[in-house]
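One structure is given below, encoded as structure tokens.
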Amino acid sequence: MGEKLGAEDFGFIFPKGSDLVAPVNAAIEAMRADGTLEALNTKWFLDYKMGE
């Protein structure tokens, strides 16, 4: 496995009082809990080979 290139924090911006905040936070937490976020990180930032 390759070395990590770095670390970035990402965020989403919603209008104040948006009804989307809670469901988006829940979806992100669910993906974190079941390993989906780690799998995506590995696929796209550690194992990805451009042009293949």
- Query: Short version: ³J(HN,Hα) in whole Hz for each residue of the stretch 24-39, in order, from phi by Karplus 6.51 cos²θ - 1.76 cosθ + 1.60 (θ = phi - 60°), x for Gly and Pro, what are they?
  - Reply: 5, 4, 5, 5, 5, 5, 4, 5, 5, 5, 8, x, 4, 4, 5, 4
- Estimated inter-spin distance, Leu20 and Thr42, nm [label 7 Å along Cα→Cβ]: 3.0
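Values quoted throughout were computed directly from the atomic coordinates according to the rules given, and no laboratory measurement underlies them. Model, not experiment: these values are computed from the prediction. Virtual Cβ from ideal backbone geometry, glycine too; neighbours counted across all protein chains shown.
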